[in-house]
1. Rounded, prolate or oblate: which fits region 184-227 when a ≥ b ≥ c are the square roots of the eigenvalues of the alpha-carbon gyration tensor, with rounded for a/c under 1.5 and prolate only if a/b beats b/c?
2. When the accessible area of the chain is split by element with a 1.4 Å probe, what percent falls to carbon and sulfur?
3. Can you give me the solvent accessible area of ILE40 with a 1.4 Å probe, rounded to the nearest 10 Å²?
4. Once ligands and nucleic acids are excluded and a 1.4 Å probe is used, how much of VAL81 is accessible, expressed in Å² to the nearest 10?
5. Given LYS26/LYS270; LYS99/LYS220; LYS26/LYS220, which pairs have Cα atoms separated by over 27 Å?
6. Send over the per residue convex hull volume for region 18-141, Cα only, as a whole number of Å³.
7. Given a 1.4 Å probe, how much area per residue of the chain is accessible, in Å²?
8. Spin-label point model (7 Å from Cα, Cβ direction): what's the ALA248 to MET1 distance in nm?
Amino acid sequence: MIGIGGSDWKHYVRRKPNVVKRRIRKGIPDCLRGLVWQLISGSRDLLLMNPGVYEQLVIYETSASELDIIRDISRTFPSHVFFQQRHGPGQRSLYNVLKAYSVYDRDVGYVQGMGFLAGLLLLYMSEEDAFWLMVALLKGAVHAPMEGLYLVGLPLVQQYLFQFDTLVREQLPRLGEHFTQEVISPSMYASQWFITVFSYSFPFHLALRIWDVFLYEGVKIVFQVGLALLKYCHDDLIKLPFEKLIHALRNFPEDAMNPDTLLPMAYSIKVSKRLEELKLEYEKQNGKQAQSGESSGKQK
């Protein structure tokens, strides 16, 4: 499917998109994951079109966020061996990628959640490759741009939480009603899901499978997995009072985190059309706020 160094990929995707989709949903083989992620995200093309740019950003530019990045690095995957050593190769690479991005896109600069994206990518590719994959995601090389997750006021997070809240109420009405009674909103448990695409608190084997699909199909998989988790734990969650509910929503049981159970359940939940409708509804309600959020992001 891939060919030598990815040479056959575009041709194959054009001819057999459904086969590619099925294979990716089954899980990309770990030894090919880094290369396939670059191909499906559009980052490989960005890299080839911008030779020397990453090196320039790392070596010759300075960033206003350098101290913030240094402060946060040891908090990014602290239990993963690659990032544990203080000033070790993992932490150095993470610093370089985040610093380069904060210079490349000064509107976004640096926000703490970005470290988890960069960290996950660095486990599968070089610094330069990880940097361009972040650019592809945030600037929207293939799917809608995601930089709004990190702009001032987190405008895209607010939109996603509105969409998710509505989907929970529509698809899991009893649980939605229980959340209302216990005054639980998605911002209390789901913000990190969107900001780090599940890389922050999910087991690695599950996060990687979600990322395979996320890079190929877009952000809808985050909604599908979130809904599938709530559906799977539904009967337990509707019995819990506020404090236990918050704890349960941040600490799902191990059996709920099995990719072979959770992901087929997620794929069966249809959200694409409704997400588009809710996006328009959100923009209508919050048009002015969204615009002011963008302009304050630019000023920053």
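1. Working: a/c = 2.25, a/b = 1.46, b/c = 1.55.
Oblate.
2. Numbers: 7830 of 14680 Å².
Summing carbon and sulfur atoms, their accessible area is 53 percent of the total for the chain.
3. Accessible surface of ILE40 is approximately 10 Å².
4. Spelled out: VAL81, probe radius 1.4 Å, area about 110 Å².
5. LYS99/LYS220
6. Details: hull volume 14.1 nm³, N = 124.
Taking only Cα atoms, region 18-141 has a hull volume of 113 Å³ per residue.
7. Numbers: 14680 Å² over 300 residues.
The answer is 49 Å² per residue.
8. So the two model labels end up 3.7 nm from each other.
The values are calculated or read from the model by the stated rules, or taken from the named source; none is laboratory data. Not measured: the values here are computed from a predicted model. A quick note on method: Cβ atoms are made from the backbone with ideal geometry, for glycine too, and the neighbour counts reach across all protein chains shown. Heavy atoms of the whole protein, side chains included, go into the accessibility calculation; ligands, DNA and RNA do not. Shrake-Rupley method; radii C 1.70, N 1.55, O 1.52, S 1.80 Å.
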